[in-house]
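Here's the structure we're looking at; comments come further down.
The values are calculated or read from the model by the stated rules, or taken from the named source; none is laboratory data. Not measured: the values here are computed from a predicted model. FYI the Cβ positions are ideal-geometry reconstructions off the backbone, even for glycines, and counts take in every protein chain you see.
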Amino acid sequence: MKEINPEEPNHLKPLIEIIKLCIASAWVKNERPVNLLISSKPESGKTFVLQLFSQIPKTAYLTDCTAYGIMRNLLADIETGNLRFIIIPDLIKPLSRKHSTVSDFIAFMNALIEEGVVTIFTYAIQIQRKNLKCGLITSLPSGELLDRRRRWIKLGFMSRMIPFTYSFNQEFVDFIFEQIQQRKYIDYKPIILKLEEREVEITPEQAKVLEPEARIIGKAQELYGFRAQRQLQNLAQANALLENRKFVTDEDIQKIKWLSKWINFDFNPLESLPL
């Protein structure tokens, strides 16, 4: 967590780190990808940061989509393993259609990012395939999340994602103004991850350390936190994978505990990387 990369917006480092881990989770063998819903006020850099990940191999960066469009154009690549993550930088666009289309989209994504899509027989499309799964990373303004959160909890969509919410304190606001005035944004480069599928071991004792955070997330989603426990464990495994290790270390666990400051609905201010 100490590395500083001048080609990345380091004032948004916690957000960048959680996105990296979620994408890497799709390469942890025998585990499901960890899905991510980012939320903050407009102008907080959500879409900007997600654009930096638009060139990651085996991801689809979609500015807009429907359930039918994903089924028709992407399921074949998901089946072959050529697509492991869908990134939708602004979920407002897919949610701006008529109610029935939006409901179909949420129901389809519910299956695709959790238990998997097996068979679909509708008037428009007929698909019978293997158990297809794909990760999802997307963002939503804080007001929209708060408006939709209750319904998504009831539908089970919210528990399939880890929420990453944040805000800026005055120090960070001043810093960002300086960055903009110095045009630092033109120095930021696309983020490319070198990923190779492998198994990553995590011990029950290490997983136990993450239980308090999982219970907090579960309570916020009016659930037990079982999915949150698995998701946090997978993030620790993903961090080990990015570090080219086959086993989780205490440093991986502590990184996830640090990121858990924003894996909630509290919109806590972002912090600089710990020393």
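Could you list, ordered by first residue, the pairs with Cβ atoms under 6 Å in which the first is in region 198-224 and more than 22 Å from residue 254 (Cβ to Cβ) and the second is at pLDDT 95 or above and crowded, with 18+ Cβ neighbours inside 10 Å, at least 6 apart or interchain?
Qualifying pairs under 6 Å: none.
Tell me which of these residue 212 doesn't satisfy, since it passes every other one: (1) under 18 Å from residue 135 (Cα atoms); (2) in a helix (DSSP H, G or I).
Condition (1) is where residue 212 drops out.
Considering only region 242-256, state which residues are of a type in the set (A, V, I, L, M), crowded, with 21+ Cβ neighbours inside 10 Å and in a helix (DSSP H, G or I).
Scanning region 242-256 gives 253, 256.
What is the one condition in (1) in contact (Cβ under 8 Å) with a residue 12 or more places away in the chain; (2) farther than 27 Å from residue 55 by Cα; (3) within 22 Å of the chain's Cα centre (by Cα) that residue 169 does not satisfy?
Of everything listed in (1) in contact (Cβ under 8 Å) with a residue 12 or more places away in the chain; (2) farther than 27 Å from residue 55 by Cα; (3) within 22 Å of the chain's Cα centre (by Cα), residue 169 misses just condition (3).
Just wondering, is there one or more residues in region 3-24 that are at pLDDT 90 or above, among the acidic types (Asp, Glu), buried (at least 18 other Cβ atoms within 10 Å of the Cβ) and within 29 Å of residue 186 (Cβ to Cβ)?
The answer is yes, given that some residue of region 3-24 is at pLDDT 90 or above, among the acidic types (Asp, Glu), buried (at least 18 other Cβ atoms within 10 Å of the Cβ) and within 29 Å of residue 186 (Cβ to Cβ).
Here is a yes/no grid of residues against (1) touching a strand residue (DSSP E or B) at 6+ places or on another chain (Cβ under 9 Å); (2) assigned to a helix (DSSP H, G or I); (3) surrounded by fewer than 19 Cβ atoms within 10 Å (Cβ to Cβ):
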site	(1), (2), (3)
216	no, yes, yes
222	no, no, yes
228	yes, yes, no
231	yes, yes, no
240	yes, yes, no
258	no, yes, yes
263	yes, no, no
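Looking at residue 271, is it over 30 Å from residue 108 (Cα atoms) and assigned to a loop (DSSP other than H, G, I, E, B)?
Yes.
Could you look through region 47-66, keep only residues that are more than 26 Å from residue 101 (Cα to Cα) and touching a Leu at 6+ places or on another chain (Cβ under 9 Å), and pick out the one that is surrounded by the fewest Cβ atoms within 10 Å (Cβ to Cβ)?
57
Can you tell me which residue within region 84-129, out of those that are in a strand (DSSP E or B) and modelled with pLDDT of 85 or more, is surrounded by the most Cβ atoms within 10 Å (Cβ to Cβ)?
Only one residue fits best here, namely 85.
From the list 239, 234, 268, 264, which one is out of contact with any helix residue (DSSP H, G or I) (no Cβ under 9 Å at 6 or more places or on another chain) and of a type in the set (S, T, N, Q)?
Step by step, each of 239, 234, 268, 264 is checked, and only 268 is out of contact with any helix residue (DSSP H, G or I) (no Cβ under 9 Å at 6 or more places or on another chain) and of a type in the set (S, T, N, Q).
Listed residues 44, 39; which is modelled with pLDDT of 95 or more, hydroxyl-bearing (Ser, Thr, Tyr) and surrounded by 15 or more Cβ atoms within 10 Å (Cβ to Cβ)?
Values: 44 fails: modelled with pLDDT of 95 or more.
Every option except 39 fails the conditions.
Taking region 67-76 as the region of interest, how many residues are surrounded by 15 or more Cβ atoms within 10 Å (Cβ to Cβ) and assigned to a helix (DSSP H, G or I)? Spell out how you get there, then give the answer.
Start the filter on region 67-76 by keeping residues that are surrounded by 15 or more Cβ atoms within 10 Å (Cβ to Cβ), which leaves 67-68, 70-71, 74-75.
Those still in the list that are assigned to a helix (DSSP H, G or I) too: 67-68, 70-71, 75.
Adding up the residues that qualify gives 5.
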